[in-house]
Amino acid sequence: MEGPIGIFDSGVGGLTVAREVFKILPAEAVVYFGDVGRSPYGGRSKEIIAQFTAQDVAFLTEHRVKFVICACNTASAVALHEVAGRHCVPMVGVIEPGARAAAARTRAGRVGVIGTTATINSDAYARTIRGIDPAVKVFSVACPLFVPLAEEGYIEREATRLIARDYLKTMRDVGIDTLILGCTHYPLLRSVIAEAMGDGVALIDSGEETARAARDALVAGGLLRGGEAPGEHTFYVSDVPEKFTQVAARFLGTMIDRVTRVDISRY
Ligand code: DGL
């Protein structure tokens, strides 16, 4: 089916999800919206996150998207369910795919979740995992400093290793065997997180899982775009695009040439 997929995030982080979508759904056109002007969402209240999420979705629906992917863990955890209920466009967030993958993966029935403060406070991952398998024990820790570290390119740095070891100490102590990277930025810090957790802990990338869930939903809904021609990718942001373009190069591994600024307060 023609019509683009809409992907939104609080900013640039959702490009880690977009990257996976581009990889496994190359024929799909994608409209990406990054709310860089109001990012980060992770330390904000439920009410504000719900208002921003509603505006982000309204912007995408104006582009006649056939499907919406909420790449932002914070928006998915706090507001997506309510906002999705007000639209007839099908939507998927990152929580359920990540939770499903973790519940299927754990052998010991002990899963860790890391994310922004709002994501962890919402308890959305833990609730979803318990809904899938009530026997699984979930341990959650907020790691807010990982977001600026990833955006500033502090990947293989000693400072990042120290912070990761400190944040993840309790995770190590409780003996999880599976850890959900419950924030768009964390896949970029994967090696540092893996090092801090030590061997024997499987890392679940919610973005990767979500791209697969989106593909399954498109197939099931008869919404897949046929043909061999690569889909067009269009990018919109809510503030000056320069920083987005710079950080996007690191997140996507390629340069984005055209990014349009929009006034999200109109939605
Ligand atoms: N995109 C957010 C998330 O995945 C991280 C950045 C933010 O706090 O807005 O939770």
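Here, each number is a calculation from the coordinates, and none is a lab measurement. All figures in this text were calculated on a predicted structure; none of them were measured in a lab. All Cβ positions, even for glycine, are placed from backbone atoms using ideal geometry, and neighbour counts span all protein chains on display.
Quick notes on this structure:
- Under the Karplus curve 6.51 cos²θ - 1.76 cosθ + 1.60, θ = phi - 60°, whole-Hz ³J(HN,Hα) for region 146-155, x wherever Gly or Pro sits: 4, 5, x, 4, 5, 5, 8, x, 7, 9
- Pairwise alpha-carbon distances in the chain exceed 28 Å for 30% of all pairs.
- Residues with amide H under 5 Å from that of Glu28, placed H, sequence gap 5 or more: Gly231
- In degrees, nearest ten, helix 206-220 long axis to first principal axis of the chain (Cα): 50
- Rh by Kirkwood over Cα pairs, then Stokes-Einstein D for region 22-168 at 1.567 mPa s and 4 °C, µm²/s: 77
- On full extension, the segment bounded by Glu62 and Glu158 gains 30.1 nm, given 0.36 nm per residue less the C-alpha separation.
- Here the Karplus relation 6.51 cos²θ - 1.76 cosθ + 1.60, evaluated at θ = phi - 60°, turns the backbone of region 118-123 into coupling constants of 5, 5, 5, 4, 5, 6 Hz, with x for every Gly and Pro.
- Most fluctuating residue given options Ala75, Ala213, Ala194, as computed from a GNM of the chain linking Cα atoms under 10 Å: Ala194
- Within the chain, the longest run free of GluC sites (Glu not before Pro) that sit in a DSSP loop with at most 15 other Cβ atoms within 10 Å is 3-151.
- Sum of -39500 (n - 2.57) over DSSP H runs of 4+, divided by residues of the chain (222 nm, nearest 500): -12500 deg cm²/dmol
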